[in-house]
Amino acid sequence: MASKAKYRFDVSAQLDTIEKEFQTFQILNEDGEIVNEQAVPDLTDEQLQELMRRMVYTRILDQRSISLNRQGRLGFYAPTAGQEASQIGSHFALEKEDFLLPGYRDVPQIIWHGLPLYKAFLWSRGHYQGIQVSKDLNIFPPQIIIGAQYVQTAGIALGLKKNGKKAVAVTYTGDGGTSQGDFYEGINFAGAFKVPAIFIVQNNGFAISTPREKQTAAKTLAQKAVAAGIYGVQVDGMDPLAVYVAVREARERAINGEGPTLIETLCYRYGPHTMSGDDPTRYRSKELDNEWEKKDPLVRFRKYLESKGIWNEEMEEQVIEQAKEEIQQAVKQADAAPKQKVTDLIEIMNEELPSNLKEQYEIYKEKESK
């Protein structure tokens, strides 16, 4: 019988100690009750109402976008329902001068940062005008390559630091994005140069159909911050107040020269990964869906605001009707955009055309003139 191996280092205890440090931060429970009184942010009633308004508006935008996609009036679309607290709560903690580098599911954040709604629809259709924005709008186009925005964020944040700007660069990815090399390179670079960056991982449980537990052996995604020497926080991503506080404090640390933060938000997407053929019923159970529906961020926050007497059904209906009207107008505006031509793309991608593109440009120019 082989003797039991004796190790000189108690690495299991070391890992256990680290993992215990990453407890889920929460302020509102599922019933909209305060469970962490000391952590409640100092937001006015008007600010709380605005946060709720944006979340309701975003839920309606998601519903209408899904409908438009099924009608063939939108192109690529990644549903957002269930992640409003994570997305809108985090953005609510930012300032206009901050830079946003979104993933493809993070269109709501850049809309609330200032991207005209019709341009968001044009981006979904693949129209180049969807990513043509004013110079004072600090956003990047939604990144399709998984995790690539993390490296870009580290670079933008370094630029902010070198220029002495009191602003941060903020990016998002999903749980699957943490398995990409760009994720590690981005947070490592940011930590090494102590740049003002906030890296948000929206852990909705599945990278398309791959369960989070198959992505990594780590018990939390927030603990990955330890290897990069940066701050790490795990937060209830269905709780808008908790997300707001986590991001707001991360921003304060960043602009005070304390470096970047990695924030894991525990959330859930109620719809498919994208509208491009994904069927969540093949990899998620009805029981799991029901469990997360009880944690709905809109229901939770609505109960909290109603208990304070600052929200009611009439107010919510007004937001819903406003959203529907503005979405309808934005679709009309997107429909009125000029038809995209190949020559348009060639013209805007190069200041001076190389010889091969000059040749192609003339070919397509002739085709388009007929």
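No lab work stands behind these numbers, since they all come straight from the coordinates. Small disclaimer: the values here were computed from a predicted structure and weren't measured. Cβ sites come from the backbone with ideal geometry, for glycine too, and all protein chains shown count toward neighbours.
Summary table
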item: FRET efficiency, 1/(1 + (r/R0)^6) with R0 51 Å, evaluated for L357 and D45 via beta carbons; result: 0.35
item: Net length gained if the chain between V342 and T274 were fully extended (0.36 nm per residue, minus Cα distance); result: 21.8 nm
item: The chain - percent relative contact order, Cα under 8 Å, separation 6 or more; result: 23
item: Residue with peak Gaussian network fluctuation, the chain [Cα springs, cutoff 10 Å], from S86, S307, S12; result: S12
item: Selected from D62, D239, D42 as most flexible by GNM, with the chain as the system and alpha-carbon contacts under 10 Å; result: D42
item: Of N29, N204, N350, the one that fluctuates the most in a GNM where the chain has Cα springs shorter than 10 Å; result: N350
item: FRET efficiency for S67 and I310, using Cβ-Cβ distance with R0 set to 41 Å, rounded to 0.05; result: 0.85
item: Sorted by Cβ density within 10 Å, fewest first, the residues L68, L353, L100; result: L353, L68, L100
item: Separation of the Q14 and Y128 label points, Cα + 7 Å toward Cβ, nm; result: 5.4
item: Aspartates and glutamates whose Cα lies under 16 Å from that of K165, excluding same-chain neighbours fewer than 8 positions away; result: E95, E97, D98, D136, E252, E258
item: Stretch gain in nm, segment E30-A217, where the contour uses 0.36 nm per residue and the Cα spacing is subtracted; result: 64.5 nm
item: Point-to-point label distance, D289-K370, nm (Cα→Cβ direction, 7 Å offset); result: 4.9
item: Spacing of the two label points (7 Å from each Cα toward its C-beta) at E97 and D136, in nm; result: 1.4
item: Cβ-based net charge around K332, under 12 Å, with every Lys or Arg adding one and every Asp or Glu removing one; result: -2
item: Between 0 and 90°, nearest 10: helix 355-368 axis offset from the chain longest Cα axis; result: 60
item: Net charge of Cβ neighbours under 12 Å - reference N36; Lys, Arg +1; Asp, Glu -1; result: -4
item: Between segment 110-128 and segment 238-264, the Cα center-to-center distance that results, in Å; result: 26
item: 19 Å Cα-Cα threshold exceeded, pairs from K339/K365; K224/K295; K96/K135; K339/K370; K332/K367; K194/K224; result: K224/K295; K332/K367
item: Label assignment, semi-axes √(5λ) of the Cα gyration tensor in Å derived from the structure, set (i) 79, 33, 21; (ii) 35, 28, 22; (iii) 39, 23, 18; result: (ii)
